[in-house]
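See below for the structure under consideration.
Rule-based calculations on the coordinates, nothing more; no lab input. Here the structure is a predicted model, which means the values were calculated and not measured. All Cβ positions, glycine included, derive from the backbone under ideal geometry; neighbour counts span all protein chains shown.
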Amino acid sequence: MAPLPSISFSKSVSSDASTLVLFLDSANACGPAATGVLAGVSGGIGRALATSSFTGKAGSLLEILAPSGLTASRLLLVGIGEAGELDAKAALKLGGQVYGKLKDFKVASASILFEAATGELAPELAAEFALGLRLRAYDWDKYKTKKKDETITLADVEIVATNAGKAKKVWAEALAVAEGVELARNLVNESPNHLGPQDFASEAGKLEKLGVDVEVLSEKDMKKLGMGSLLAVGQGSARPPRLVIMRWNGAKDSVQPVAFIGKGVVFDSGGISIKPAANMEDMKGDMAGAAAVVGLMKALAGRKAKVNAIGVIGLVENLPDGNSYRPGDILTSMSGQTIEIVNTDAEGRLVLADALWYTQDRFKPQFMVNLATLTGAITVALGNQIAGLFSNDDALAGKLAETGDVTGERLWRMPLSAEFDKAIDSRFADMKNSGGRLGGASTAAQFLKRFVNDTPWAHLDIAGTAMGSVDTDINRSWGSGFGVRLLDRLVRDHYES
Ligand code: BES
Ligand code: MN
Ligand code: ZN
């Protein structure tokens with residue numbers, strides 16, 4: 001992994017950074033510290049500003065080389081838009097944009113004067129800015145034996161703010177979240193030969209160092225529990241399935257837990273209903289739901305969230321083999337409900353069926369949120385920037401959608417309804433595992449709903465957003481870590497004591 005910049009906070013420019021970053025608003029006004037710096041530039045920067053297309057609008061950037069009268073060899077002017085409009089989402093984005101520019105500069109260090117013309121900016125904004133910067137810096141190059149020619153990488157970033165002390169404290173929490181997102185991205189980016197169900201379970205096991213209880217159920221344990229649905233999917237792989245249960249107890253024992261469940265198909269070939277060859281390699285990312293759950297648990301434990309949280313991930317590999325499950329098979333799930341297999345490529349719902357049932361049965365959570373790269377249909381409907389949200393509970397769905405707007409991990413509510421439910425009725429069993437092409441994302445969600453009992457539940461279909469997504473200001477890697485910041489924020493805003 002390429003080195004990440006170390007981020008520090010101070011009250012005044014303490015290092016002799018060669019690059020100074022100054023904020024200007026849409027009126028080209030800047031704060032007191034930046035005014036002080038600019039006063040030292042002989043001749044001022046008026047001519048540079050007049051010559052450039054810099055406007056001060058959010059994300060507008062202007063580089064001034066070798067400003068005479070200053071020891072710094074570069075100034076980077078950053079537009080922050082209307083004073084007062086810099087909210088958490090904008091600060092996050094700005095952090096990513098500034099990192100992108102500084103990276104191109106090939107400088108080792110930079111000092112960022114984090115202030116507006118009106119003066120102090122909230123410490124939460126400084127932390128969010130730092131988070132955006134750090135997430136943009138993430139680069140998955142584990143298997144590149146010839147590293148990119150980067151003799152100088154940005155190693156030290158100093159954020160200068162009058163309330164640096166408070167900002168540093170808020171950043172410590174945001175850093176825990178960054179590490180959770182990075183873990184999720186690492187898992188999604190990892191190649192499937194290096195990350196089977198057991199390897200994945202061991203990665204989750206590492207959270208014990210942070211105080212998370214981690215239990216790993218073997219095939220035998222799951223047989224005893226009657227998880228015939230999940231187990232069938234893994235039958236064709238030489239690498240046996242695992243179910244991992246993570247528990248973070250940050251609140252009193254009497255507080256009912258919240259629960260997060262992830263689809264962890266480490267590779268989805270489709271099985272006997274095999275997928276076409278084109279882009280099948282992308283199916284290494286079919287465990288992005290599980291990766292987000294592990295990343296989330298890391299974030300919650302890392303910042304010692306005052307919540308009792310359960311993470312459950314079903315880890316399997318879907319391959320064709322003499323032992324594979326087949327179309328026509330009828331499985332008995334842990335819930336006792338029977339499932340006729342009509343397509344072995346509709347495997348994620350089979351994994352989640354047992355994981356969801358197990359979670360509500362054992363933990364009686366306040367709610368369950370599952371994340372899954374469940375259907376191609378959701379990518380057709382919503383593209384790769386918005387995830388599908390399905391829920392049996394309007395209050396939970398409302399909180400999730402609202403939180404997504406705050407973190408920029410957008411969700412769009414999709415329908416559940418009786419017609420979609422009917423589409424998965426089976427002639428031979430209680431249900432079949434696919435309702436066909438029409439309404440594919442909704443019929444899949446409807447299938448999951450049959451395994452949540454009366455628990456308030458939401459399903460996030462992240463097939464479009466978790467991987468292969470377009471470059472954004474805060475992510476340039478294939479795996480996005482979608483869901484970690486969202487659910488961390490959901491917990492923070494609504495479920496911490
Ligand atoms: N893992 C896939 C869904 C997927 C597709 C994720 C593209 C990411 C990108 C899932 O297991 C699957 O194969 N779904 C089928 C369901 C169908 C057989 C009913 C699909 O969407 O085609
Ligand atoms: Mn599949
Ligand atoms: Zn799948």
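For the reader, a short list of remarks on this structure follows.
- Unit charges at the beta carbon, dipole of the stretch 349-451: most positive-side option, 404, 351, 428: 428
- Taking the average, over residues, of other Cβ atoms within 10 Å as the packing measure, peptides 347-358, 122-133, 468-479 rank 347-358, 122-133, 468-479 from highest down.
- For the chain: relative contact order, % (alpha-carbon pairs under 8 angstrom, 6 or more apart): 16
- Exceedance of the 21 Å cut-off in Cα-Cα distance is limited, within the set 224/422; 93/147; 252/298; 103/147; 206/252, to 224/422; 93/147; 206/252.
- Cα gyration tensor category, rounded, prolate or oblate, for the stretch 119-269 with a/c compared to 1.5: oblate
- 3J(HN,Hα) couplings calculated from phi for the stretch 24-29 with the Karplus curve 6.51 cos²θ - 1.76 cosθ + 1.60 (θ = phi - 60°) are, in sequence order, 10, 8, 5, 9, 6, 9 Hz; Gly and Pro show x.
- Rounded to the nearest 10 degrees, the inclination of helix 394-407 to the longest alpha-carbon principal axis of the chain is 30 degrees.
- Sequentially through the stretch 143-148, phi angles give Karplus couplings (6.51, -1.76, 1.60; θ = phi - 60°) of 9, 8, 7, 9, 5, 4 Hz, Gly and Pro residues having no value and appearing as x.
- For peptides 5-14, 267-276, sequence by mean Cβ density within 10 Å, most packed first: 267-276, 5-14
- Amide H partners (placed H, <5 Å) of residue 275, local residues excluded: 270
- For the pair residue 147 and residue 386 in one chain, pulling the backbone fully straight at 0.36 nm per residue adds 82.7 nm over the alpha carbon distance.
- In the chain, the longest principal axis of the Cα atoms and the axis of helix 484-494 are about 90 degrees apart.
- Cα-based shape type of the chain, given that a ≥ b ≥ c are square roots of the gyration tensor eigenvalues and the cut on a/c is 1.5: prolate
- Simple point charges give the picture: +1 on the Cβ of Lys and Arg, -1 on the Cβ of Asp and Glu, and for the chain a dipole about the Cα centre of about 500 debye.
- Simple point charges give the picture: +1 on the Cβ of Lys and Arg, -1 on the Cβ of Asp and Glu, and for the stretch 238-308 a dipole about the Cα centre of about 440 debye.
- Helix 88-105 axis versus longest C-alpha principal axis of the chain: approximately 70°, rounded to the nearest ten.
- DSSP bridge orientation in the chain - percent antiparallel, rounded to nearest 5: 40
- Leading residue at positive end of dipole, the chain (Cβ point charges), from 163, 312, 388: 163
- Backbone phi angles across the stretch 195-209, fed through the Karplus curve with coefficients 6.51, -1.76 and 1.60 (θ = phi - 60°), yield HN-Hα couplings of 9, x, x, 6, 4, 4, 4, 5, 4, 4, x, 5, 5, 4, 4 Hz in residue order; Gly and Pro are listed as x.
- Judged by the ratio a/c of the largest to the smallest principal axis of the C-alpha gyration tensor, the stretch 43-195 counts as oblate, that ratio being 1.5 or greater while a/b is no larger than b/c.
- Residue list for the stretch 152-192, given a label point 7 angstrom along the Cα-to-Cβ vector of residue 206 and an amide N cut-off under 13 Å: 179-190
- Considering only 72, 34, 3, the residue lying farthest towards the positive end of the dipole of the stretch 1-92 is 72, judged by Cα position with unit charges set on Cβ.
- Taking 0.36 nm per residue of sequence separation and removing the Cα-Cα distance, the residue 427/residue 361 pair yields an extension gain of 21.0 nm.
- Rounded to the nearest 20 debye, the dipole size of the stretch 226-370 about its Cα centre is 920 debye, using +1 on the Cβ of Lys and Arg and -1 on the Cβ of Asp and Glu.
- Peptides 243-250, 452-459 ranked from most to least packed, by the mean per-residue count of other Cβ atoms within 10 Å: 243-250, 452-459.
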